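The values are calculated or read from the model by the stated rules, or taken from the named source; none is laboratory data. Being a predicted model, the structure only gives us computed values, none of them experimental. Methodologically, a virtual Cβ is constructed for each residue, glycine included, from the backbone with ideal geometry; neighbour enumeration extends over all protein chains shown.
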Amino acid sequence: MSQTTAAPNQFALLRQRRFAPFFWTQFGGAANDNLFKFAFTVLVTYRAQASAALSPGLMVNLIAALYILPFVLFSATSGQLADKWPKDRLMRAVKLLEIGIMALALWGFATGNLGALLACAFGMGMHSSVFGPAKYAYLPQHLSPAELTGGNGMTEMGTFVAILLGNLVGGLLMSMRQGPWLAGGACLLVALAGWAASRRIPPTPALDPQLRVRWNPLRETLANLRLAARDRVLLQALLAISWMWFYGVAFLTQFPVFAKDVLGGNEQVASLLLVVFSVGVGLGSLACEWLARGRIEPGLVPLGAIGMSLFGVDLYLSAHSMAPAGPLLGVGAFVARPSHWRVMADLFGLSASAGVYSVPLYALIQQHTPASHRARVIAANNILNALYMIVCTGYCAALLAFGVAVPVLLLSIALLNLVAAAWLLWRQPVYGQRFVAWLRREPHQA
């Protein structure tokens with residue numbers, strides 16, 4: 001009990017070299033990913049002369065596909081590199097790669113060269129797929145077990161705030177007369193700032209320097225998945241996190257249509273929904289250290305899953321009967337209607353619950369995995385995440401193609417979440433047992 005009381009506050013980590021440079025390095029990478037992607041999406045959607053060769057809808061989906069593809073192709077190799085090489089050096093190398101990609105992006109934005117920008121979309125996906133295993137394997141080398149929940153919460157909060165800021169800044173810059181130039185320049189500046197932050201990351205020795213890197217992505221992907229599957233607790237934690245990405249992508253991808261066709265709002269309302277969702281995930285992630293009382297607490301996973309479904313069902317109840325008419329509402333008119341506050345409260349509640357759900361799972365994986373192949377297991381997680389996101393887009397596209405309304409689609413995701421949670425509790429009763437113990441405020445048994 002005294003250990004819990006003495007556990008350091010997660011915000012204090014931002015004043016410490018073992019965490020702060022890493023935090024700002026990953027923050028800059030997540031912000032740049034989304035600044036670039038959103039600026040590119042606006043370019044092909046609203047500047048018709050730049051996207052005459054292909055329809056905007058096809059281009060937007062192509063951008064998304066090119067970003068996800070590297071996670072499938074390179075995650076297995078990235079996990080090996082993060083186990084074999086010092087993580088500080090690997091992160092700095094990735095940041096140098098980002099500078100090169102963003103220099104090309106500046107040229108692509110300035111000249112309207114879609115081929116160069118599509119190459120940058122693939123490049124940034126590769127950048128993130130290499131950085132990801134090093135990112136999550138870094139934390140256990142510098143944080144104590146009592147700090148892992150808070151450190152992961154800060155990292156998840158930073159990631160979603162960076163996503164939000166990247167989208168907002170990308171949209172704002174592209175609304176200006178010299179938008180492409182400004183967006184390209186901003187991407188390059190953020191990449192330079194990320195590299196500067198990475199130079200302060202403390203030495204993080206390789207945990208398996210004798211590892212022989214195998215470059216066949218298919219063979220290594222299967223090997224990484226088999227590595228994770230050896231431990232049932234670990235495998236089910238990976239599947240549970242991947243389900244969270246399925247759930248999150250389903251909601252995030254529907255925001256524009258949900259805002260316009262269901263709520264009668266314009267593009268600014270869609271951005272407001274993104275803000276509410278991102279803030280919810282960030283605050284839910286931050287709350288985990290307090291809720292877990294300074295330890296790794298699997299009991300928070302059922303708590304988060306319950307919130308994800310309850311708020312998801314209420315979102316359907318609050319939105320399905322709305323019948324927007326007349327001109328699309330701006331943010332001022334939208335928030336002036338009391339019925340819309342219930343919708344925003346539901347979005348905030350379900351996203352905060354997703355943060356509460358995911359952070360203990362990441363901490364559990366980091367603690368449970370042997371250090372020598374931790375990055376490879378995290379790479380397996382990234383591969384599973386990508387596969388779940390691909391399945392999610394196919395699921396949503398199929399329902400929409402059959403004429404299912406967006407509120408019903410989102411309701412189906414909330415109900416499927418109950419099935420996923422029940423499956424997890426059945427396969428791993430410890431989550432339910434720890435949830436009951438958490439409700440009773442019983443001490444954690446190591």
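Residue by residue, here is whether (1) in contact with a Gly (Cβ under 9 Å, 6 or more places away or on another chain); (2) outside the structural domain of A420 (by TED's automatic domain parsing); (3) in contact (Cβ under 8 Å) with a residue 40 or more places away in the chain; (4) closer than 27 Å to T25 by Cα holds:
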residue: V213; (1), (2), (3), (4): no, yes, yes, yes
residue: P217; (1), (2), (3), (4): no, yes, yes, yes
residue: L234; (1), (2), (3), (4): no, no, yes, no
residue: M244; (1), (2), (3), (4): yes, no, yes, yes
residue: A250; (1), (2), (3), (4): no, no, yes, no
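Among the residues of region 77-86, write down those that are over 11 Å from G132 (Cα atoms) and assigned to a helix (DSSP H, G or I). Please lay out each step first, then the result.
Step one: list which residues in region 77-86 are over 11 Å from G132 (Cα atoms), which gives 77, 80-81, 83-86.
Answer for region 77-86, where residues must be over 11 Å from G132 (Cα atoms) and assigned to a helix (DSSP H, G or I): T77, Q80, L81, D83, K84.
Which ones in region 136-172 are surrounded by fewer than 24 Cβ atoms within 10 Å (Cβ to Cβ), of a type in the set (G, A, S) and more than 20 Å from A287 (Cα to Cα)?
Matches in region 136-172: G171 only.
Per-residue answers, yes or no, for (1) hydroxyl-bearing (S, T, Y); (2) out of contact with any helix residue (DSSP H, G or I) (no Cβ under 6 Å at 6 or more places or on another chain):
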| position | (1), (2) |
| --- | --- |
| L263 | no, yes |
| V269 | no, no |
| L283 | no, no |
| V313 | no, no |
| S318 | yes, no |
| S321 | yes, yes |
| L329 | no, yes |
| G332 | no, yes |
| D346 | no, no |
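Of the residues that make up region 52-73, is at least one modelled with pLDDT under 85, surrounded by 18 or more Cβ atoms within 10 Å (Cβ to Cβ), part of a loop (DSSP other than H, G, I, E, B) and out of contact with any Pro (no Cβ under 7 Å at 6 or more places or on another chain)?
no
Give the residues of region 325-334 that are part of a helix (DSSP H, G or I) and either without any contact (Cβ under 8 Å) to a residue 12 or more places away in the chain or not hydrophobic (A, V, I, L, M, F, W, C) (or both), sorted by residue number. Give the steps one after another, and end with the answer.
As a first pass, look at region 325-334 and keep what is part of a helix (DSSP H, G or I): 331-334.
Result: G332, A333.
Which of the residues spanning region 358-393 are modelled with pLDDT of 85 or more and over 24 Å from L227 (Cα atoms)?
Answer for region 358-393, where residues must be modelled with pLDDT of 85 or more and over 24 Å from L227 (Cα atoms): just C392.
Exactly one condition in (1) part of a helix (DSSP H, G or I); (2) surrounded by fewer than 24 Cβ atoms within 10 Å (Cβ to Cβ) is not met by F109; state its number.
(2)
Could you list, ordered by first residue, the pairs with Cβ atoms under 7 Å in which the first is in region 57-68 and in the same structural domain as Q254 (by TED's automatic domain parsing) and the second is at pLDDT 65 or above and of a type outside the set (V, I, T), at least 6 apart or interchain?
none
On the basis of being under 27 Å from L272 (Cα atoms), assigned by TED's automatic domain parsing to the domain that holds A76 and assigned to a helix (DSSP H, G or I), does L139 make the cut? Steps first, please.
On the way: under 27 Å from L272 (Cα atoms): no; assigned by TED's automatic domain parsing to the domain that holds A76: yes; assigned to a helix (DSSP H, G or I): yes.
Answer is no for this residue.
Please go through (1) of a type in the set (D, E, K, R); (2) at pLDDT 80 or above; (3) under 22 Å from A363 (Cβ atoms) for R230 and return the number of the only condition it doesn't satisfy.
Only one criterion in (1) of a type in the set (D, E, K, R); (2) at pLDDT 80 or above; (3) under 22 Å from A363 (Cβ atoms) is unmet by R230, namely (2).
Among the residues of region 14-39 satisfying the criterion of being in contact with a helix residue (DSSP H, G or I) (Cβ under 7 Å, 6 or more places away or on another chain) and among the charged types (D, E, K, R), which is farthest from L90 (Cα to Cα)? Walk me through how you get there before you give the answer.
Taking region 14-39 as the starting set, the residues that turn out to be in contact with a helix residue (DSSP H, G or I) (Cβ under 7 Å, 6 or more places away or on another chain) are 14, 18-39.
The next check asks that each one be among the charged types (D, E, K, R); those that pass are 18, 33, 37.
On the way: R18: 16, D33: 18, K37: 24 Å.
This residue is K37.
Within the group I306, I241, I296, which residue is out of contact with any helix residue (DSSP H, G or I) (no Cβ under 6 Å at 6 or more places or on another chain), within 23 Å of Q433 (Cα to Cα) and either surrounded by fewer than 21 Cβ atoms within 10 Å (Cβ to Cβ) or β-branched (V, I, T) (or both)?
Details: I241 fails: out of contact with any helix residue (DSSP H, G or I) (no Cβ under 6 Å at 6 or more places or on another chain); I296 fails: out of contact with any helix residue (DSSP H, G or I) (no Cβ under 6 Å at 6 or more places or on another chain).
None of the other options fit; the residue is I306.
Taking V356, is it over 26 Å from A397 (Cα atoms), in contact with a helix residue (DSSP H, G or I) (Cβ under 9 Å, 6 or more places away or on another chain) and in a helix (DSSP H, G or I)? So that I can check it myself, show each step before the final result.
Values: over 26 Å from A397 (Cα atoms): yes; in contact with a helix residue (DSSP H, G or I) (Cβ under 9 Å, 6 or more places away or on another chain): yes; in a helix (DSSP H, G or I): yes.
In short, yes.
Go through G108, G123 for me and flag whichever is modelled with pLDDT of 90 or more, in the same structural domain as L66 (by TED's automatic domain parsing), among the small types (G, A, S) and within 21 Å of the chain's Cα centre (by Cα). Please lay out each step first, then the result.
Values: G108 fails: within 21 Å of the chain's Cα centre (by Cα).
Just a single option satisfies the conditions, and that option is G123.
Testing R342 on (1) part of a helix (DSSP H, G or I); (2) more than 30 Å from L263 (Cα to Cα); (3) charged (D, E, K, R), one condition comes back false. Which one is that?
The one condition R342 does not meet is (2).
Output the residues belonging to region 1-41 that are more than 21 Å from the chain's Cα centre (by Cα) and modelled with pLDDT under 85.
Hits for region 1-41 are M1, S2, Q3, T4, T5, A6, A7, P8, N9.
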